[in-house]
Amino acid sequence: MQISQILRQLPADLEWMVLFDLAAVRQLASDEVVRAMYFLPEDLDLDPFSHVILSSEGRLLAPQAVGPLREAETGAPTSLSGIPLSLGEQFAERLAWVPVDEADCLGLGEQLPYAPVLLHLRLAQGVGQAQAIFDQAPSQEHYELLRAVGVEYLGGDPHPKGYVAHFRNRLPVHIHTGILSHFERTTHCNQFFLQHGQIDPILEAGLLEATTRRMGWGQRQGSQAVQALAVRVVQQPEVPLSMRCQPPLPDRPFDYGDLVPLGFLLRALKTTNPEFSGPLQAHLQERRKEDLWAFHSGRLITATDSALVMLGYSDRAGAEALERFADPDGGYVPQQWRSSREQDTLTQAAKQHQMLLEEDCRHWCQADFATTCLVRAWQRQWDLENTSLSYLQTHFGERSGLYFANPYLVDWALALALAEDPTPEAALLREQLQAELLASQQPDYSFGTFDPALSTALGILSLTALGVRDRRVRMAQLRLVDWMNPQGYWPVSAPFYSSLRLDPQESPPLPYRLLLNRIPAKGDSPALKLVRSVADEYHGISLYWDQHRMIGTALAVLALAQPTDGERMDPSTPADPHPRYRCADPTEYIARCALPPYVSSARLGLVASGAHLSRQRDGAL
């Protein structure tokens, strides 16, 4: 039956009415869910009906063919044929403004002191494009919370009879939110439109509860994925879940990095499923050397990789062992190294703990900001002598890491280093970091222009470590759930990188490598420029992909587990985001922001001599 025919059977004295095209809705949800959504009898066969009608007087069903409407509960035909004035006639003027019979959802109603309102929605590929005719533009107060139910306000246009407000409704999210609340607040949708888009305290409370339920669901799904990954690591050690290194062409990708991701995984497991953390911790203990770890089993132990594993497996012995990487200027180097002339004077055991220093990796041999931050965090955790803040203060403006491919990963390391430090110097750095993080938040409350799920999880963790837990962070958590797949995993990302300076005289020739690395990569790898100009040098950049989604999923679960206060929205001063947050992809960030400070220091000869430090060629990554 057509909607215009349905409206002629509804009495004009209804306070409100909203109807749905069953064929459209049944494409998005099972019949069981559809019946639950509209509180229909559990055994009702939906096939004979075209529309379900919810109204202030009860629920009705429209038959496929023209005929009387039927009571939803009893199936009995209604006796509305003799009504003096129909709802269609009552709202004829407003209904003329929209293509009534093309609607997948149509709502009409009036609630004093508000004027009559009309809602018209068309559905395509799971997204509803809706327009509501209000008497004026809505205030948009609390509109960010509409994302909790999959709704987004798109703005509006003046109309001769009022204001046309446009909304986008992601119906799968909208329906799923209803499932999570057992469809207890379905009347809130009607109330929102009857109030011409104004969100009162009751609606605000309902939307806040919706954010809590959706985030809780996301955390539970992600926790199950984290547990599954941990079980797989422990039960199948002969098949390590390594990261995927993507070097510049013509070199081919290879699996490398089976230990560092486990630090992230163990931290998430201890937060959400602590009873399952023991076997994974034992797995890491078995692969530990001299209280520290390498990036990959059997390779060189480093400060950077150990500090990352200690995100999950932190103890006093490990924190103390990191001291061997201390730099005279107050920072910590990623690894120890040896020069070629020292090669013959060292024992074989000593060589195993040192990287051979060569010209293409000379920039690795200096204090690393991100590593220093993590070392300070673990020192403070175990009440060891704190690393001075002067190094962090000096390098705050150009902060980055020799191996961190995402600016928010550096920020999280810094936030951990500063958390709950009572000194005025630390408080000032926390304020500066907080301001830069909030300035980089996107209009949809996410963070980052590349690897947005990873960046958003890290942005949340950084802010909560700094003590920021208001609605801005709650909305970022809500946005993070959108990137979770049905199995509870978050997207593949590239948290780490390494780089080597290219010698223009070496083979293959630099022009060839530049041309080769303009060719888009195939498969799942993005088209990235893996050869970049950095401070007047050319560097080949290797990205390390989280191919098993271990790091991204662990960080997302950790971010969703952070308590936030959705009722509070602290004021903030608008500011332009720092350029580090505006880079289009990881290699642009590395070339523009991460590497230049280290390359410049290496060129000026500011790296340590290395006699008391160390690193094999594979380095921290």
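Over the stretch 319-476, what is the relative contact order in whole percent, taking alpha-carbon pairs under 8 Å and six or more residues apart? If you can, show how the numbers build up before the last one.
Values: 188 pairs, mean separation 29.8, N = 158.
Reported as a whole number, the value is 19 percent.
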Review point. If one puts a single equal scatterer on every Cα of the stretch 113-260 and applies the Debye formula without solvent, what log₁₀ I(q)/I(0) results at q = 0.09, 0.13, 0.15 Å⁻¹?
Key: -0.48, -0.70, -0.81
Review point. Given a cut-off of under 8 Å on Cα pairs at least six residues apart, what relative contact order in percent is computed for the chain?
Key: 14
Revision key, fill the gap. Per the charge dipole of the chain (beta-carbon charges, Lys/Arg positive, Asp/Glu negative, Cα centre), the residue among 304, 554, 39 reaching farthest to the positive end is 304
Point to revise | Per residue value of the accessible surface for the stretch 429-538 (all protein chains in place, 1.4 Å probe), Å² | key: 42
Check your understanding: Rounded to the nearest whole Å³, what is the per residue volume of the convex hull around the Cα atoms of the stretch 185-260?
Key -> 180
Review point. Got a number for carbon plus sulfur as a percent of the chain's accessible area, 1.4 Å probe?
Key: 50
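I want the antiparallel fraction of DSSP beta bridges within the chain, as a percent rounded to 5. Each step should come with its number before you reach the end.
Working: 67 of 69 bridges.
If we restrict to bridges inside the chain, about 95 percent are antiparallel.
Let me have the 222 nm mean residue ellipticity of the chain computed from DSSP H runs of 4+ only, each contributing -39500 (n - 2.57), with the sum over all residues rounded to the nearest 500.
On the way: 23 runs with 222 residues, N = 621.
One gets -10500 deg cm²/dmol as the mean residue ellipticity at 222 nm.
So how do 568, 580 rank on accessible area, 1.4 Å probe, biggest first, that is with the largest at the start? Before the final figure, lay out each step's value.
On the way: 568 90, 580 10 Å².
From most exposed to least exposed: 568, 580.
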**Study point:** Solvent exposure, largest accessible area first (probe 1.4 Å, DNA, RNA and ligands not counted), of 412, 16
**Key:** 16, 412
Study note, to complete from the structure: In whole angstrom, the spacing between the Cα centers of the stretch 292-325 and the stretch 203-246 equals 25
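Determine, for each peptide in 296-303, 277-284, 216-223, the mean count of other beta carbons within 10 angstrom over its residues, then list the peptides with the highest first.
Working: 296-303: 21.6, 277-284: 16.5, 216-223: 20.1.
Per-residue Cβ counts within 10 Å, averaged per peptide and sorted highest first, yield 296-303, 216-223, 277-284.
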Point to revise | Ordering of 89-98, 125-134 by burial proxy (mean other Cβ atoms within 10 Å per residue, highest first) | key: 125-134, 89-98
Check your understanding: Considering the alpha-carbon set of the chain alone, what are its Rg and its Dmax in angstrom?
Key -> 29.6, 106
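In cubic angstrom, how much convex hull volume per residue do the alpha carbon atoms of the stretch 1-59 span?
Numbers: hull volume 4.9 nm³, N = 59.
Dividing the Cα hull volume of the stretch 1-59 by its residue count gives 84 Å³.
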Exercise for review: Let me know the shape class of the stretch 440-553, please: from the alpha-carbon gyration tensor, a ≥ b ≥ c as square roots of the eigenvalues, rounded when a/c is under 1.5, otherwise prolate if a/b is greater than b/c, or oblate.
Suggested key: prolate
Point to revise | Cα-based convex hull volume of the stretch 274-327 per residue, rounded to whole Å³ | key: 76
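Using unit Cβ charges (K, R positive; D, E negative) and no other charged atoms, how large, in debye to the nearest 20, is the dipole of the chain about its Cα centre?
Numbers: 53 positive and 73 negative charges, 312 e Å.
Using only the charged Cβ atoms, the result is roughly 1500 debye.
The values are calculated or read from the model by the stated rules, or taken from the named source; none is laboratory data. Quantities reported herein were computed from a predicted structural model and do not represent experimental measurements. Backbone-built Cβ (ideal geometry, glycine too); neighbour counts: all protein chains shown. Protein only, heavy atoms only, side chains kept; ligands, DNA and RNA dropped before computing areas. Shrake-Rupley method; radii C 1.70, N 1.55, O 1.52, S 1.80 Å.
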